[in-house]
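Heads up, the thing below is written out as structure tokens.
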Amino acid sequence: CFILCTHRGFKVYSVAPLEQKISRSFSSGGLGYAEMLFRCNYIALIGGTDRPSFPTNKVVLWDDRSQSMAAEIECPSEARSVRLRKDRIVVVLDHSTDVYSLTATPTLLHSYRTCSNPLGLASLCPDDRRPVLAAMGPEPGQLALCNLAQSSEAPLIVAAHETALAQVQLNEDGTKVATASEKAGAEHGTLIRVFDTETGKKLHEVRRGTERARIYSIRFSRRSTHLCCASDHGTVHVFSLHDQEAVAASSLLPSVLPKYFSSQWSFAKFAIPSAYAICAFGEADNQVIAVSAEGYFYRATFESSGEVNVSKIQLT
């Protein structure tokens, strides 16, 4: 399932088959951010648009079964985004990432200080065995990996990029995290790096195209064998992460060749004529779905050869 914010409320769609499941409107205004708790009835909402349905410094936990507010969190500043797992609510502010209990009266459990985070970047692992939170670090380009089971422990700080982060995304079991930076610097193209969440070791470095791009979305496949990303260039790129020979080669080549030649490149891509889109993998590792800001749904199936078949449907 996926959720869309509108100027009047939100809509929830299933993916297979593509079907609108829920449509809710609020007379008070629109939403700027929404996050589902798996496929259950709880949805975290943040007001947005030019007429927000809720104050933008408030996170509302909406119970769609009763169509009422189940809980709310009032923040000291504007809430940029929110993440959910069955026992935690993570609220992202401009200079902190705050962890609350998911209860009728949410309690602040921990607050991680971060560098400026206007994009509201954070990623939360839903797996019970690995309660990992990937947040912005205290300095631009740094990634903070936090163990929510041991909140008294200091986060593992990873120097992920030389410039501010543009995207952060954990895989499904919380063992890997992918990052992209806002600027490519002197490099050609835009780098996406994958790190081990236990050690902070860099596992992969992939390169999206030959020109700098703003990455809007990164997602791992279910088995973490592939990675997809959507950018402001109107394309979705797919990378392979299971080619161990390529990984080994990329760790050796930098000693003799520039990074441009040692990075891994996408083996498949498809175009989306949109200024903004998000992407994710479907049930199979060779299927990518994307949703554009213009309200179109794309389903792409790719082969190992790089051949891609794409279908496009307008959402209603």
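Here is a yes/no grid of residues against (1) surrounded by fewer than 19 Cβ atoms within 10 Å (Cβ to Cβ); (2) under 22 Å from VAL291 (Cα atoms):
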site: SER28; (1), (2): yes, no
site: ARG51; (1), (2): yes, no
site: LEU61; (1), (2): no, no
site: SER66; (1), (2): yes, no
site: GLU72; (1), (2): yes, no
site: ARG80; (1), (2): no, yes
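For region 191-225, how many residues meet the condition of being in contact with a strand residue (DSSP E or B) (Cβ under 9 Å, 6 or more places away or on another chain), over 21 Å from SER292 (Cα atoms) and of a type outside the set (Gly, Ala, Ser)?
The initial filter retains those residues of region 191-225 that are in contact with a strand residue (DSSP E or B) (Cβ under 9 Å, 6 or more places away or on another chain), namely 191-209, 211-222, 224-225.
Remaining after also requiring over 21 Å from SER292 (Cα atoms): 191-207, 211, 222, 224-225.
Subsequent filtering for residues that are of a type outside the set (Gly, Ala, Ser) retains 191-199, 201-207, 211, 222, 225.
Number of matching residues: 19.
Counting only residues that are surrounded by fewer than 21 Cβ atoms within 10 Å (Cβ to Cβ) and over 13 Å from the mean Cα position of the chain (by Cα), which one in region 156-175 is nearest to ALA277 (Cα to Cα)?
ALA164
All of the numbers you see were taken from the coordinates with simple rules; none came from a lab. Small disclaimer: the values here were computed from a predicted structure and weren't measured. FYI the Cβ positions are ideal-geometry reconstructions off the backbone, even for glycines, and counts take in every protein chain you see.
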